[in-house]
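Below you'll find the structure, written out as structure tokens, and then a few comments.
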């Protein structure tokens, strides 16, 4: 189910100071021969450039393909050089830089008029290692390919400084719009005031009420999973194994977890601030060895899930007889173990469709008020909580 609301915009803040020109992001160009977003204010595309480009002196645009031809390399290699990515041979980098110099292609970070369309949309996601972000990003790529010739995607590594640098690079690329899983870069509010932006999955205070949002309802899903362990599987104690609670989505899950255990009077334990499966395993191992089974565990993403599972194996604890395990996100690769996770999954295709809907409407009608769409998680009950009988992986399950 999708719920919508209109957001009230906050008072604009002064533009942040410029950050370093160093750019660290991964770029993927999807060159699909499809139509761009709507029409410009004048009823046409306003002279949109065919393909990804940079802005040269005097406002002239230079396509990456032109730079690639001059340097004798691929467009992807040109993109890697522009974005200062590693693993580019020195000679190749020099050839590309020479071609850029010869063509006079220099970035122009000045705000541009929105009448001209480039056919480029920027995507910023926080962690390529997280399977959920990968799934949503892929769904966004597929959906955006139907309305925009080029998608430039970047991994901020959940670092607001890297995110700021990516935003500066996207401004130089003159993207038509931005889809972002925000970290909280200082430059995001000003960017969003000038370029159509849709926030997805989580929010940050600086853009709450300023831009369009598409958010899965983490609170409702976390309450459902926690209550399921307590009411359906009768555990007397439950644990939350979570990532960075500075992220609004994870903070909402934490809040919902505490609301349920407070209401039911259930003994509870929280592990938070974990960023990798290895960290989750270490923390869970230390906690689980102090608890008397059975107990329930809610993990907040796939990395936390694998950490919990590894800790259980090390301690000889069985799932679900010793640990009733629930989680957020799809768990790729788990099928080979015979495990069927009890999990809450944000429907990636629905999420992507709503994001592209809002972005397209925002590009074509910048005067719309900020909007919020909330999407329910899909919850499936499997072997890890005991709702589905066990039939495999006896070394872990029992």
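Things worth noting here:
- Close contacts from region 362-381, counting a first residue that is in a helix (DSSP H, G or I) and a second that is surrounded by fewer than 19 Cβ atoms within 10 Å (Cβ to Cβ), with Cβ to Cβ under 7 Å and a gap of 6+ residues or different chains, come to 362/368; 363/38; 364/38.
- Within region 118-139, considering residues that are over 10 Å from the mean Cα position of the chain (by Cα) and crowded, with 22+ Cβ neighbours inside 10 Å, the one farthest from residue 357 (Cα to Cα): 118
A short reminder: the numbers here are calculations on the coordinates, not readings from a lab. Predicted model, so just to flag it, every value in this text is computed and none were measured. Neighbour counts are summed over all protein chains in view; Cβ atoms, including those assigned to glycine, are modelled from backbone coordinates with ideal geometry.
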